[in-house]
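Reviewing the structure listed below.
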Amino acid sequence: MSGTVDAVVIGAGPAGLASAVCLGRRGIKAVIFEKSGTVGAVWRRHYDRLHLHSDRWHSALPGLPMPATCDRYPSRDQVIEYFDSYAERFDLKPVFNACVEEIQRDGADWRVRIGATLWRARIVVVASGWADYPYSPTWPGIGTFGGRVLHSSVYRNPQPFRGQRVLVIGFGNSGGEIALDLAEAGIDVTLSVRGPVNIVPRDLLGVPILTWAIAQSWLPARLVDALNAPILRLAVGSIEKLGLTRAAKGPLQGIEEEDRVPFLDVGTLAQIRAGRIAVRGPIAKLAPNTVVFSRSAPEPFDAIILATGFRPDLRALLPNCKGVLSEAGKPLVSGRPTAQPGLYFCGALTSPTGQLREIGFEAVRIAQLASQNLVT
Ligand SMILES: Cc1cc2nc3c(=O)[nH]c(=O)nc-3n(C[C@H](O)[C@H](O)[C@H](O)COP(=O)(O)OP(=O)(O)OC[C@H]3O[C@@H](n4cnc5c(N)ncnc54)[C@H](O)[C@@H]3O)c2cc1C
């Protein structure tokens, strides 16, 4: 199969689905190519206990609210069901098992290659997410460790770790929540935290933290952080006694200036305080079944979970495409015009006011820009 269409959308995750719907509303016919066999494929692989950290009112895609039957913070299965119903509601029919390998400029159009097949389109929306780019740092001696080392993206539940000593490296949202999952299952778990952290509760005074962030989003991040600091200190409590260091920049400034998402606590701190999650500093090196910490004595572990994030690199997908990617291959903008007419990214950058919510806004903007692009 090959052909010419108005728009090609790459990926049938929330960003791809929302983009196709918004393009369709403007009369732009889009074909979605999805390398897996389902919509929302990445969510189907997330760990079992995962719930959205953003509330359901602020996590819906354009044109379809999340149903009232969903939890305040929908579970992974509810999110998947919602993506399925979204595709059904808007009659989206992605081409599955179609991995886009290369996008090249061809005059005013784009050539999109899927294996030996070529598609031509004036508009391309890259909504391929980050899941393909897990970042796994290395340490001296990692090859000698002997135990299981896995990235957080392949962690599902505590079952395989029963009776083991597990080290989770990284105190982002995945690391903190996986440590909580293991601790609640009675597994001996330690969290290695390399540097200062920002911790916020999921709800503040009974209101989702995201609602606070949205209400304050018109103010400069530094000012909001300063205003919120006293109440957040009260809500989170002292973390210094737990072996953690508070980041110098506040949560919003951290996102804006360093792309660092704060940790939204759903119970991890309570487990640390109760002594069911141990906290250690950074790692100096690994040895057979042992981790040597920089600031404390070596300890034996059976498994290591790398909750060390993702580093998207789209250079192979977009060769010869000047001005749209950083040197490391990360999109420079998302949901806005790029240096290349007709090429857009959706969902590519972190948002302080909820990624799914931002994806919705970006999809609407991309459709508007694309319709202008098609008439010129
Ligand atoms: C554990 C976790 C929890 C999160 N919780 C929240 C939350 O509570 N609230 C919130 O707002 N956000 C949350 N996010 C962030 C974000 O909303 C999700 O990651 C969201 O799924 C991103 O959507 P996406 O469509 O950009 O990417 P993805 O969901 O990753 O979808 C990308 C799709 O593109 C496909 N694809 C990739 N490359 C190609 C290719 N070359 N050709 C064809 N198809 C391709 C993939 O198979 C995939 O289906 C969370 C993220 C993670 C990892």
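Please compute, for the alpha-carbon atoms of the stretch 101-176, the extent along each of the three principal axes and give them in descending order in Å.
Each principal axis gives a Cα extent; for the stretch 101-176 these are 59, 25, 23 Å.
PRE reach from Arg25 (point 7 Å along Cα→Cβ): which of the stretch 361-376 fall under 17 Å by backbone N?
361-372
Do me a favour and compute the ellipsoid semi-axes for the stretch 1-146 from its Cα gyration tensor, root of five times each eigenvalue, largest one first, whole Å.
Listed largest to smallest, the semi-axes of the stretch 1-146 are 28, 25, 12 Å.
Which angle between 0 and 90 degrees, to the nearest 10, do you get for helix 355-375 versus the longest principal axis of the chain when only C-alpha atoms count?
The answer is roughly 20 degrees.
What figure, in Å² to the nearest 10, do you get for the accessible area of Ser217 with a 1.4 Å probe and non-protein molecules left out?
70 Å²
Percent of Cα-Cα pairs more than 26 Å apart in the chain, please.
The answer is 55 percent, as a whole percent.
Counting Lys and Arg as +1 and Asp and Glu as -1, each charge on the Cβ, what is the dipole of the stretch 1-57 about the Cα centre in debye, to the nearest 20?
With Lys and Arg at +1 and Asp and Glu at -1, about 40 debye.
Rounded, prolate or oblate for the stretch 200-328? Axes are the square roots of the Cα gyration tensor eigenvalues, ordered a ≥ b ≥ c, and the cut-off for rounded is a/c under 1.5.
Oblate, because a/c is 1.5 or more while a/b does not exceed b/c.
Rounded if a/c is under 1.5, else prolate if a/b beats b/c, else oblate: with a ≥ b ≥ c from the C-alpha gyration tensor eigenvalues square-rooted, which is the stretch 259-301?
The shape class here is oblate.
If a/c stays under 1.5 just call it rounded; otherwise compare a/b with b/c (prolate if a/b is bigger, oblate if not). Do that for the stretch 1-55, with a ≥ b ≥ c from the square roots of the Cα gyration tensor eigenvalues.
oblate
Restricted to Cα positions, what overall size does the stretch 267-361 have along the principal axes? Three whole-Å values, descending.
The principal-axis extents, from largest down, are 55, 31, 21 Å.
Please give the charge dipole size of the stretch 199-256, origin at the Cα centre, charges +1 on K and R Cβ atoms and -1 on D and E Cβ atoms. Round to the nearest 20 debye.
Roughly 140 debye for the stretch 199-256.
Can you give the convex hull volume per residue for the Cα atoms of the stretch 142-258, as a whole number of Å³?
It is 144 Å³ per residue.
Quick check: the angle from helix 14-25's long axis to the longest principal axis of the chain, C-alpha only, nearest 10 degrees?
30 degrees
Counting only the backbone N, which residues of the stretch 227-242 are under 18 Å from the spot 7 Å out from the Cα of Glu257 toward its beta-carbon?
It comes to 227-230, nothing else.
How far is helix 76-89 tilted, in degrees, relative to the longest principal axis of the Cα atoms in the chain, given as a value from 0 to 90 rounded to the nearest 10?
Long axis of 76-89 versus the principal axis of the chain: about 10 degrees.
Going Cα to Cα from Lys29, which lysines come in below 28 Å? Please leave out same-chain ones fewer than 8 positions away.
Output for Lys29: Lys93, Lys322, Lys330.
At 222 nm, what value in deg cm²/dmol follows for the chain if DSSP H runs of at least 4 each add -39500 (n - 2.57) and the sum is divided by all its residues, to the nearest 500?
Counting only the DSSP helices, I get -8000 deg cm²/dmol.
Let's see if you can work this out: charge +1 on each Lys and Arg Cβ, -1 on each Asp and Glu Cβ, no other charges. What is the dipole magnitude of the chain about its Cα centre, in debye to the nearest 20?
Computed about the Cα centre, the dipole is about 360 debye.
Once the dipole of the stretch 292-365 is set up with Lys and Arg at +1 and Asp and Glu at -1 on Cβ about the Cα centre, which of Pro331, Tyr344, Gly360 lies farthest towards its positive end?
Result: Tyr344.
Report the extension gain between Arg311 and Val154 in nm, rounded to one decimal, defined as 0.36 nm multiplied by the number of residues separating them, less their alpha carbon distance.
54.9 nm
The values are calculated or read from the model by the stated rules, or taken from the named source; none is laboratory data. From a predicted model like this one, the values you see are computed outputs, not experimental measurements. Positions of Cβ are backbone-derived with ideal geometry, glycine not excepted, and every protein chain shown enters the neighbour counts. Heavy atoms of the whole protein, side chains included, go into the accessibility calculation; ligands, DNA and RNA do not. Shrake-Rupley method; radii C 1.70, N 1.55, O 1.52, S 1.80 Å.
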